[in-house]
Structures are given as C-alpha cells and as structure tokens.
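Asker: The structure is given below, and queries will be raised subsequently.
The values are calculated or read from the model by the stated rules, or taken from the named source; none is laboratory data. Bear in mind that the values here come from a model prediction, so they are computed numbers and not experimental data. We place every Cβ from the backbone using ideal geometry, glycine too, and count neighbours over all the protein chains shown.
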Amino acid sequence: MAFDYQERIPNNVDLGSNPNLLRALEHWQPRFRDWWRELGPSDFFAGEVFLRTATSADAKGWASYGPVRLPEYRWGIFLAPPEEDRRIGFGDEFGAPVWQQVPGEHRASLRRLIVTQADTEPASVEQQRRLGHTCPSLYDLRNLFQVNVEEARHLWAMVYLLHAYFGRDGREEAEALLERHSGDRDSPRILSTFNEPIADWLSFFMFTYFTDRDGKYQLKCLAESAFDPLSRTTRFMLTEEGHHLFVGDSGIARIIRRTLAVMKEAGSDDPERVRGRGAIDLPTLQRYINFWFSSSLDLFGAEVSSNAASNFASGLKGRPDEARFADHRAVEGRLAIEKADGKGGIEIEEAPLRSAMNEVARRAYIKDCAQGVVRWNRLIEKAGADFPLRLPSPRFHRAIGLWAEAAADPEGKILPPEASAARQEEWLPTPEDRAFVKDLMHAVAEPGRMAGWIARPAYGVANLPLDYEYVRL
Ligand SMILES: [Fe+2]
Ligand SMILES: [Fe+2]
C-alpha cells in the first residue's frame, strides 16, 4: 500500500472521498504549521536534513530517505492495513467483531485515552526544540530531527482520529493540543514527565530510552483496542517508535564507551578526573537513569486503578502483546502488588487482575528497560571497570501510585522521610551535575566529527558513511 504524496495531506485513509473531514483537517493544518514554526526546531529551518519519510504501510520498504528542509516535511495520516475479520482480543466482548465506529457508551473514555496519548507527541518536540544548538555531531542532529518530525506525525495520527470519529468535541480537542505547551505555567502538557525540560543531550538519550519506551508500551496497549482505527494507527506508529528507542539505547551506549576510554587513559575511575577530561562519569549516568526511569514509571498510572479495569473490560485498552496471555477476559485472576505498610515494612495486596492492568504493563516495560542495562554493563565489565549500572527499584522516587507517599532508596529499602530527603543528592542529578553536563554541550557540526563526551556510532544512517553531511546547515 504505497502512500500518495501528491495530496495536500498525504494519507492512506481515502480522505479525498470524505470532503467534510478533509476540510476540517485542512483547517487544522495551518495551525499545526504555525505550531511547528513557533515550537518546533525552527532555528534549523534553513538547513537540509537527511530524513526518512514513510512511503508505505508494509513492513518492508516502508520508508524512503533523502534531503528535506524541516518546514517542508510532508506529514501524513497512515494506518496499518486492516486485518480481515479482526476480533476483539480481550475484555467482556472478547471474540466479537472489532468496532469501526466509536460506541456511544465508550466515547468519553476513548477520547480521553486518545487525547492523553496525543498530548505527549507535540510535548516532546517542544521539550527538545533547542537541543540542535549543542548537537554532538551531524549524525546526532539528524537523528534528533528524525525523532521530532515523527513525533509531529504521531500528533497527526491522533488528530485524524479525533476529527474523523469524535465530531465537534474531537475538533476542539485537536485545537487544544496546540494550545497546551510543555512546561507552560498556565497550560502545561497533561503528564508531568512531558513538562520536564530536556536541556542537554544526556537527558535526550535518557528520554528516548526510557520515556519513548513508555510510549512503545502505551501504543502496544492501544494497538490491542477494539476500536479498529485506533489499533491500526498505533500499529503503524510503533514501526516509527523503534528508531527513537534505538537513538536512546545507542546514545547511552556511546556515552559509556567514551567514558570507559577516558577512564582507561586517566588510569582512574575517579569521577572528578573523568570529568576533568571532558567525559561523563558513570555515577552521574546512574543518577540520570534513576531520574528518567522513575519519572517514566509514573506514566503507567496507579498500580490499582478502576479506570484501567473499565478500559480493559470494555475493550478500549489491552495489555501489551495480549496474545501472550491465556485468559483474555481476566475476570478471575489476581496480581500480587507490594505496598508500604506504614511501619517501615512492605505488605502484599492481591489486586483483582483487571484493576492491576497498569501494573501488568509497567512490569513488561521494566523488563524491556533492563535489557539495555545488561548490554551497557557488558561494555563496562569488558573494560575492566567496576561500576555496574542498574535500574532503581520501582519504589524509588515515585510521584504516582502506592509508592508516592513512601520514601524508598534506589534499592527499594524504605527509609524515614528525613533520611531519604538528606540523600537525594546521592541518587538524583544535582544542580552541579546538570551544570557540568550543560557545560559539556557544544555544537560539533563538521561531518564525521564527534563531541569529546560521546563515542562514534558503529554505522551511519541508511548505509551512508559516518562522515556524510547528514544536515546541510
Ligand atoms: Fe510518538
Ligand atoms: Fe517516540
């Protein structure tokens, strides 16, 4: 299924045969462009960027690569091809045909789910808009812009659903998506992680590793939805998400490789000496991991949630990879969930499985996050260094759910609040850490050159050499 780029809004949903919808989206398009110009990476609009653009929804050969100016990127509306006779995969209506329209009784909940997902997409573009000025290489600059244009396309994907299936409410929500802004005091983005500034590239790689991975799991849950257009949209978004995760994973690995090389040159693992040579010491990396992992865990919501239960029951939002479970109704099961007992210990709550769906998704996410850490630790071990990185306990530094009130250390040990407050500087990035990382950030914009705090990637983009001019400024 090849996409038609001759149309004003490229799409594979036959927009041409729906003049009302086309008009509504054409009305929204200039507002989107204004937003991109004001809050996207607009300082780089004059340059040419070597970008991929989706050209079909097939698994093979879905993208084409070439130089594009950022204001001229062609955002489109692309859904994965329909599955013949697709059936609802979970919940009360398990086995019934999926919905092509929104059932009235689920309208409000479904709209809320779509708006919450949609809000994160432009938020990340806003968070990252100034990073280009301190890019560690043209290769990385290009990857940043690739992520940015695709997050903006994900906004299109969600706005299409709002316009096509939610009438006037949907149109109003689509407007509001361009009115809230990341970090805005009066009108912030919905979820707090998406209001955190991403002021340096270490945070960018952490965000694309941990926070985009939350996105992957949310999309996986929505890809199971009984509302077929949502499922098809999110399935195609997942193919783009893979690259964002690669950027984070390989970015952190390259930082570690550089740090290890500097430790070897210096003959020392003393953080001050590593910093003195212009690399990021491993303890600082660990503090950034602690921050971004715990912040991203909150995005899954409360461990026990009546919303999660009703979204599952009604078929709106499933579990990631629902097919791997045996019982798709989940009426009977229970999930053991830990919580603080208020006396410094832990007790177990046996929550009904449907109420624990956020926790099911979070646990799958944590497993996935751990895989990168294993790879990074292999690098560290191979270099003979003794500082394994780790994911902090899910009890650590939580703002949402059962652990929001309890103070736990990164090992998960519950501490009196004062004891925990006194040790925050050990565990989370300090103002000095942030200032140090910020000072390291200077644009390196000659083809093939890398900043001193990050190693070269193993490959270029799309089989091109690393010294290719990925961005022509
Ligand atoms: Fe996205
Ligand atoms: Fe993403």
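Asker: Within region 153-175, count every residue that is among the aliphatic types (A, V, I, L, M) and either assigned to a loop (DSSP other than H, G, I, E, B) or surrounded by fewer than 21 Cβ atoms within 10 Å (Cβ to Cβ) (or both).
Answerer: Adding up the residues that qualify gives 1.
Asker: Can you find a residue in region 429-440 that is touching a strand residue (DSSP E or B) at 6+ places or on another chain (Cβ under 6 Å) and buried (at least 18 other Cβ atoms within 10 Å of the Cβ)?
Answerer: No: zero hits.
Asker: Continuing with this model, one more query. Among the helices (runs of 4 or more DSSP H) contained in region 192-278, which hold 2 or more residues that are of a type in the set (Ser, Thr, Tyr), within 13 Å of ligand 1 (Cβ to nearest atom) and out of contact with any helix residue (DSSP H, G or I) (no Cβ under 6 Å at 6 or more places or on another chain)?
Answerer: Because the criterion is at least 2 residues that are of a type in the set (Ser, Thr, Tyr), within 13 Å of ligand 1 (Cβ to nearest atom) and out of contact with any helix residue (DSSP H, G or I) (no Cβ under 6 Å at 6 or more places or on another chain), no helices (runs of 4 or more DSSP H) in region 192-278 meet it.
Asker: Let me ask you something else. Which is small (Gly, Ala, Ser) and loosely packed, with under 14 Cβ neighbours inside 10 Å, of ALA80, ALA59?
Answerer: Criteria check complete, one pass: ALA59.
Asker: Could you say which residue among PHE236, PHE207, PHE246 is of a type in the set (A, V, I, L, M, F, W, C), closer than 20 Å to GLN286 by Cβ and within 14 Å of ligand 2 (Cβ to nearest atom)?
Answerer: Exactly one of PHE236, PHE207, PHE246 is of a type in the set (A, V, I, L, M, F, W, C), closer than 20 Å to GLN286 by Cβ and within 14 Å of ligand 2 (Cβ to nearest atom), namely PHE207.
Asker: Starting from region 237-255, keep only residues that are of a type in the set (Asp, Glu), then list their pairs with residues that are at pLDDT 95 or above and more than 11 Å from ligand 1 (Cβ to nearest atom) whose Cβ atoms are within a distance under 8 Å, requiring at least 6 positions of separation or different chains.
Answerer: ASP249/TYR209; ASP249/GLY372; ASP249/ARG375
Asker: Run down ARG395, ARG423, ARG390 and say which single residue is surrounded by 12 or more Cβ atoms within 10 Å (Cβ to Cβ) and within 26 Å of PHE246 (Cα to Cα).
Answerer: Within the list ARG395, ARG423, ARG390, the selection yields ARG390.
Asker: Using the structure shown, decide if ASP184 is without any contact (Cβ under 8 Å) to a residue 40 or more places away in the chain, away from ligand 1 (no atom under 16 Å from the Cβ) and farther than 28 Å from LEU21 by Cβ.
Answerer: The answer is yes for ASP184.
Asker: Assess whether GLY40 counts as being of a type outside the set (Ser, Thr, Tyr) and surrounded by 18 or more Cβ atoms within 10 Å (Cβ to Cβ).
Answerer: Yes, satisfied.
Asker: Please specify each residue of region 116-149 satisfying the condition of being more than 12 Å from ligand 2 (Cβ to nearest atom), crowded, with 22+ Cβ neighbours inside 10 Å, assigned to a helix (DSSP H, G or I) and of a type in the set (Ser, Thr, Tyr).
Answerer: Across region 116-149, the qualifying residue is only TYR139.
Asker: For LYS343, all conditions in the list (1) in a helix (DSSP H, G or I); (2) without any contact (Cβ under 8 Å) to a residue 24 or more places away in the chain hold save one; what is the number of the exception?
Answerer: (1)
Asker: Given PRO136, PRO122, which one is touching a His at 6+ places or on another chain (Cβ under 9 Å), within 16 Å of ligand 1 (Cβ to nearest atom) and within 30 Å of ALA46 (Cα to Cα)?
Answerer: One residue alone meets the criteria, PRO122.
To keep it simple, each residue is scored yes or no on (1) farther than 19 Å from ALA279 by Cβ; (2) modelled with pLDDT of 95 or more; (3) touching a helix residue (DSSP H, G or I) at 6+ places or on another chain (Cβ under 7 Å); (4) hydrophobic (A, V, I, L, M, F, W, C).
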{"site": "GLU411", "(1), (2), (3), (4)": "yes, yes, no, no"}
{"site": "PRO429", "(1), (2), (3), (4)": "no, yes, yes, no"}
{"site": "VAL437", "(1), (2), (3), (4)": "no, yes, yes, yes"}
{"site": "LEU440", "(1), (2), (3), (4)": "no, yes, no, yes"}
{"site": "ALA451", "(1), (2), (3), (4)": "no, yes, no, yes"}
{"site": "ALA455", "(1), (2), (3), (4)": "no, yes, yes, yes"}
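Asker: Among ALA404, ALA451, ALA443, ALA370, which is the only one that is part of a loop (DSSP other than H, G, I, E, B) and loosely packed, with under 14 Cβ neighbours inside 10 Å?
Answerer: Every option except ALA404 fails the conditions.
Asker: Report the residue count in region 76-93 for those that are part of a loop (DSSP other than H, G, I, E, B) and either over 29 Å from the mean Cα position of the chain (by Cα) or basic (Lys, Arg) (or both).
Answerer: Qualifying residue count, region 76-93: 5.
Asker: How many residues are without any contact (Cβ under 8 Å) to a residue 24 or more places away in the chain and hydrophobic (A, V, I, L, M, F, W, C) if we restrict to region 256-275?
Answerer: Number satisfying all stated conditions: 3.
Asker: Kindly list the number of the only condition in (1) more than 17 Å from PHE205 (Cβ to Cβ); (2) outside any loop (DSSP other than H, G, I, E, B) that fails for ASP433.
Answerer: (1)
Asker: Let me ask you something else. Could you figure out which of (1) small (Gly, Ala, Ser); (2) away from ligand 2 (no atom under 16 Å from the Cβ); (3) within 27 Å of ALA174 (Cα to Cα) isn't true of SER64?
Answerer: Condition not satisfied by SER64: (3).
Asker: Going by the structure shown, is VAL159 within 14 Å of ligand 2 (Cβ to nearest atom), of a type in the set (Val, Ile, Thr) and out of contact with any strand residue (DSSP E or B) (no Cβ under 8 Å at 6 or more places or on another chain)?
Answerer: no
Asker: A further question on this structure: Regarding region 22-45, can at least one residue be identified that is within 30 Å of ALA308 (Cα to Cα) and under 21 Å from the mean Cα position of the chain (by Cα)?
Answerer: no
Asker: Checking the structure you have, find out if any residue of region 328-340 is surrounded by fewer than 23 Cβ atoms within 10 Å (Cβ to Cβ), in contact with a strand residue (DSSP E or B) (Cβ under 6 Å, 6 or more places away or on another chain), part of a loop (DSSP other than H, G, I, E, B) and acidic (Asp, Glu).
Answerer: Among the residues of region 328-340, not one is surrounded by fewer than 23 Cβ atoms within 10 Å (Cβ to Cβ), in contact with a strand residue (DSSP E or B) (Cβ under 6 Å, 6 or more places away or on another chain), part of a loop (DSSP other than H, G, I, E, B) and acidic (Asp, Glu), which makes the answer no.
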